[in-house]
Amino acid sequence: MDTTPLTQLAEQLRAITDPVERSKAATALIDALNDAQKAVKGVRAEAVAELRPGRSMREVGEMIGVSTARVDQILKGR
């Protein structure tokens with residue numbers, strides 16, 4: 001059984017018996033997750049930007065386990 005916090009949240013949503021309330025709660029959670037995802041992407045971009053000075057994007061990619069193209073995308077906020 002998966003007990004990650006996000007899975008637990010999904011189970012809590014399923015436990016809401018009123019479908020209107022369950023739908024509203026799910027929408028609120030989706031909105032919060034979208035906001036959190038943006039914040040986490042920002043943290044990642046900042047970390048990659050810290051690694052960049054004096055290194056090629058290829059070197060940074062090797063350090064964090066992604067392709068050179070992905071490093072470029074991360075730095076561009078994608």
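Only residues that are more than 21 Å from ALA10 (Cα to Cα) and either touching a Lys or Arg at 6+ places or on another chain (Cβ under 9 Å) or of a type in the set (Val, Ile, Thr) (or both) were counted across segment 30-50, and they come to 4.
Pairs meeting the criteria (first residue in segment 52-67 and among the basic types (Lys, Arg), second residue open to solvent by 70 Å² or more (accessible area, probe 1.4 Å), beta carbons under 9 Å, at least 6 apart or on different chains) are ARG55/MET63.
Going by the structure shown, is VAL71 of a type in the set (A, V, I, L, M), in a helix (DSSP H, G or I), surrounded by 14 or more Cβ atoms within 10 Å (Cβ to Cβ) and in contact with a Lys or Arg (Cβ under 9 Å, 6 or more places away or on another chain)? Criteria met by VAL71. Residues that are of a type outside the set (S, T, N, Q), open to solvent by 70 Å² or more (accessible area, probe 1.4 Å) and closer than 30 Å to ILE74 by Cα within segment 1-39 comprise ASP2, PRO5, LEU6, ILE30, ASP31, LEU33, ASP35, LYS38, listed in sequence order.
The values are calculated or read from the model by the stated rules, or taken from the named source; none is laboratory data. Keep in mind that what you see is a predicted model, and the values were worked out from it rather than measured. Please note: Cβ atoms are built from the backbone with ideal geometry, for glycine as well, and neighbour counts cover all protein chains shown. Heads up: the accessible areas ignore ligands, DNA and RNA and are worked out on the full protein's heavy atoms, side chains in. Shrake-Rupley method; radii C 1.70, N 1.55, O 1.52, S 1.80 Å.
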